[in-house]
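*Asks:* One structure, pasted below without further comment.
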Amino acid sequence: MAYWSKNNRACKTTWSTLKLLDQLDTVFLEAGELKIKELTFFNQTSSTDQRKAAARMLAIQLDNVFREVRGATYEEDITGEQAIDSMLKVLTTPEATVSDLAEKCDVSYNFYGEEDE
């Protein structure tokens, strides 16, 4: 989990948005290690199709909050559907972590206040 850092906008924005959406109640320092299967949306008794639908809805919500509330824009050559699909791949992998999700988000979004490198 070397990627998870309080100095990374993608990490902080992903964590705070998941917290806002009541997907987790973990403090930032511990949230990076949290598995996707531990998020609120992930119902282990649901079918794979039901979990995928819930994950897609969460990915759309994350995308909306990132852009409409948090001021993020898509990275160059990234479309909304690509950003959502990227998150969906992580959100449908039970053993993936919140840190993995933030890393995918960092590739798709330019978060407010990020410096261009």
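*Asks:* Whenever you get a sec, compute what percent of the accessible area on the chain sits on carbon and sulfur atoms (1.4 Å probe). Walk me through the numbers before you get to the answer.
*Replies:* On the way: 3210 of 6810 Å².
The computed percentage sits at 47.
*Asks:* Using a simple charge model, +1 on the beta-carbon of Lys and Arg, -1 on the beta-carbon of Asp and Glu, nothing else, what dipole does the stretch 1-71 show about its Cα centre, in debye to the nearest 20? Walk me through the intermediate numbers first.
*Replies:* On the way: 11 positive and 8 negative charges, 45 e Å.
In debye, rounded to 20, the stretch 1-71 gives about 220.
*Asks:* Just from its helices, what would the mean residue ellipticity at 222 nm be for the chain, if runs of 4 or more DSSP H residues each count -39500 (n - 2.57) and the sum is divided by every residue, rounded to the nearest 500 deg cm²/dmol? Walk me through the intermediate numbers first.
*Replies:* Values: 5 runs with 56 residues, N = 117.
Calculated at 222 nm, the ellipticity per residue is -14500 deg cm²/dmol.
*Asks:* I've got another one for you. Rolling a 1.4 angstrom probe over the protein heavy atoms, how many square angstrom per residue are accessible across the chain? Mind showing how you got there, number by number?
*Replies:* Details: 6810 Å² over 117 residues.
In whole numbers, the chain has 58 Å² accessible per residue.
*Asks:* For LEU34, which sequence-distant residues (separation of 5 or more, or a different chain) have an amide H within less than 5 Å of its own amide H, given hydrogens modelled in the peptide plane?
*Replies:* Here the answer is VAL98, SER99, since their amide H atoms fall under 5 Å of that of LEU34.
*Asks:* In terms of Cα to Cα distance under 27 Å, which lysines are near enough to LYS6, apart from those fewer than 8 places away along the same chain?
*Replies:* LYS19, LYS35, LYS37, LYS89, LYS104
*Asks:* May I pose another question? Note the angle between two axes, namely the Cα long axis of helix 48-64 and the longest principal axis of the Cα atoms of the chain, as a number of degrees from 0 to 90, rounded to the nearest 10.
*Replies:* Result, in degrees: 20.
*Asks:* Still on this model: Find how many whole Å separate the alpha carbon centroid of the stretch 1-24 from the alpha carbon centroid of the stretch 62-88.
*Replies:* The stretch 62-88 and the stretch 1-24 have Cα centres spaced 15 Å from each other.
The values are calculated or read from the model by the stated rules, or taken from the named source; none is laboratory data. All values derive from a computational prediction rather than experimental measurement. Cβ atoms come from the backbone with ideal geometry, glycine included; neighbour counts cover every protein chain shown. Only protein heavy atoms, including side chains, enter the accessible area calculation; ligands, DNA and RNA are left aside. Shrake-Rupley method; radii C 1.70, N 1.55, O 1.52, S 1.80 Å.
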